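The values are calculated or read from the model by the stated rules, or taken from the named source; none is laboratory data. Quick caveat, the model's predicted, so the values are computed rather than measured. Every residue, glycine among them, receives a Cβ derived from its backbone with ideal geometry; neighbour counts consider all protein chains shown. Remember, those area values only see protein heavy atoms, side chains included, never the ligands or the DNA or RNA. Shrake-Rupley method; radii C 1.70, N 1.55, O 1.52, S 1.80 Å.
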Amino acid sequence: MTYGELKNLAEDRLTLAGIADAGSDVRIMLTDLAGAGPAFVAAHAEDEVPAETLERFMAALDRRVRREPLQYVCGSWNFMGLDFTVRTGVLIPRQDTEILVEEVLRVLHDGMRILDVCTGSGCILISLLRYSNDCIGTGCDASPKALAVARENAAALLDDMTHVMFCEGDLYGALEAGGEAPDGGFDVIVSNPPYVPSEVIDTLEPEVRDHEPRMALDGGRDGLDLIRRIIDGAGDHLIKGGALYLEIGFDQGAAVSGLMKAAGFAEVEVIRDYAGLDRVVRGTRPILEGSISAG
Ligand code: GLN
């Protein structure tokens with residue numbers, strides 16, 4: 001089979017499988033899995049694809065036809081300009097989350113200690129460490145599968161593995177298990193927790209619904225189960241003046257900023273993503289506690 005034939009066949013099969021932008025998927029798959037970018041395919045349309053490449057590509061195509069996410073099929077995905085390994089069992093990094101990283105980067109300075117709750121692939125924590133100086137990061141997650149991927153990503157993307165650690169457990173409970181909480185607390189806590197309301201999950205694309213880990217998506221009845229617990233526990237793990245940054249669903253800005261204010265956070269702010277949707281809520285643990293909520 002030639003490159004031209006393979007491209008057409010792949011596009012036809014993905015279109016038939018109900019994938020909207022089959023052309024884009026095929027371009028990415030040919031580039032990543034067959035080393036054949038669009039220019040190469042155009043120049044070599046009449047050339048035979050080597051047997052080994054063809055076999056590998058066809059196996060990947062079968063997975064994609066079954067609506068396995070493109071990112072799992074390719075095995076890695078770009079986030080904040082870095083290539084993260086992803087596979088079944090770990091939430092795929094979303095571009096929407098880059099705004100969360102960018103907001104935290106604005107306040108980071110040398111030596112800060114960062115806690116990433118529900119770290120998943122590690123994409124948030126690793127990006128923060130990669131684009132700052134001498135910060136120290138702890139990532140926790142309830143899923144050992146996710147932590148294995150996060151550790152792999154840290155080893156591949158960070159020069160200094162002594163500044164990052166990962167621990168397994170239920171939210172802040174992971175810190176006790178890992179014995180990793182710094183004296184006095186963290187300067188920043190960041191999290192992209194599961195926040196999709198349980199009943200919404202069944203309405204999502206098959207890629208997400210059937211293949212991504214439910215525990216990374218399901219936030220309970222109103223989507224806020226984990227967010228509530230993260231906000232409630234944050235005060236005990238942040239230094240005074242430290243900040244909490246949470247990713248939220250587009251319709252959760254008012255609810256989550258209300259929860260943060262009720263928990264005594266100051267300077268609570270809802271931040272929009274590049275699509276203009278509420279995406280991040282941040283708040284500061286006051287230096288003088290009680291002064292804000294009393295007012
Ligand atoms: N943004 C993700 C989605 O809609 C949800 C991620 C999450 O729950 N943290 O699929």
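Could you tell me whether the range 172-285 comes out rounded, prolate or oblate from its Cα gyration tensor? Rule is a ≥ b ≥ c as square roots of the eigenvalues, rounded for a/c under 1.5, then prolate if a/b exceeds b/c, otherwise oblate. All intermediate terms of the calculation are to be shown ahead of the outcome.
Details: a/c = 2.25, a/b = 1.41, b/c = 1.59.
It comes out oblate by the Cα gyration axes.
In the complete set of protein chains, residue-level accessible area for D202 is approximately 100 Å², probe 1.4 angstrom. For the range 192-295, the solvent-accessible area of protein heavy atoms averages 49 Å² per residue (probe radius 1.4 Å; ligands and nucleic acids excluded). Accessible surface for V73 stands near 10 Å², nearest 10, in the context of the full protein assembly shown (1.4 Å probe). Placing one equal scatterer on every Cα of the chain and applying the Debye formula, the log10 ratio I(q)/I(0) at q = 0.08 Å⁻¹ is -0.39. Ligands, DNA and RNA aside, D251 has an accessible area near 110 Å² when probed at 1.4 Å.
Over the chain, Cα pairs under 8 Å with separation of 6+ residues give a relative contact order of 13 percent.
Local charge for N133 was computed over the other residues whose Cβ lies under 13 Å away, with Lys and Arg +1 and Asp and Glu -1, and equals -3. Centre-to-centre separation between the Cα atoms of the range 131-183 and those of the range 1-71: 36 Å.
Take every pair of alpha-carbon atoms less than 8 Å apart whose residues are at least six positions apart; their mean separation over the length of the range 162-295 yields a relative contact order of 22 percent.
For the range 141-188, the square roots of the Cα gyration tensor eigenvalues, ordered a ≥ b ≥ c, give a/c of at least 1.5 with a/b no greater than b/c, which places it in the oblate category. Quick one: grab the alpha carbon gyration tensor of the range 47-87, order the square roots of its eigenvalues as a ≥ b ≥ c, and give me rounded if a/c is under 1.5, else prolate or oblate depending on whether a/b is larger than b/c. Oblate is the answer for the range 47-87, as a/c is 1.5 or above yet b/c matches or exceeds a/b.
What part of the accessible area of the range 193-295, given as a whole %, is carbon or sulfur when the probe is 1.4 angstrom?
Working: 2730 of 5110 Å².
With neighbouring chains kept in place, the figure for the range 193-295 is 53 percent.
Here is the list for the range 236-295: chymotrypsin sites (Phe, Trp or Tyr not before Pro) lying in DSSP coil, each with at most 16 other C-beta atoms within 10 angstrom of its C-beta, are F250, Y274.
Return the loop-located trypsin sites (Lys or Arg not before Pro) in the range 184-293 (DSSP other than H, G, I, E, B) with at most 11 other Cβ atoms within 10 Å of their own Cβ; answer none if there are none. Provide the component values of the computation, followed by the final result.
On the way: sites: R209, R214, R221, R228, R229, K240, K261, R272, R279, R282; in loops: R221.
Qualifying residues, ordered by number: R221.
Here K7 is the anchor, and no lysines lie within straight C-alpha reach of less than 25 Å, apart from those fewer than 8 places off in the same chain.
For the range 49-96, what % of the accessible area comes from carbon and sulfur atoms, probe 1.4 Å?
Details: 1020 of 2220 Å².
Here carbon and sulfur together make up 46 percent of the probe-accessible area.
Within the same chain, aspartates and glutamates fewer than 8 places from K240 are excluded, and of the rest, those with a Cα less than 14 Å from its Cα are D183, D187, E267, E289. As a rough guide to protection, the peptides 185-191, 56-62 ranked by mean Cβ packing within 10 Å, highest first, stand as 185-191, 56-62. Highest mobility in the GNM of the chain, judged by mean-square fluctuation with C-alpha springs under 10 Å and restricted to N133, N78, N192, is found for N133.
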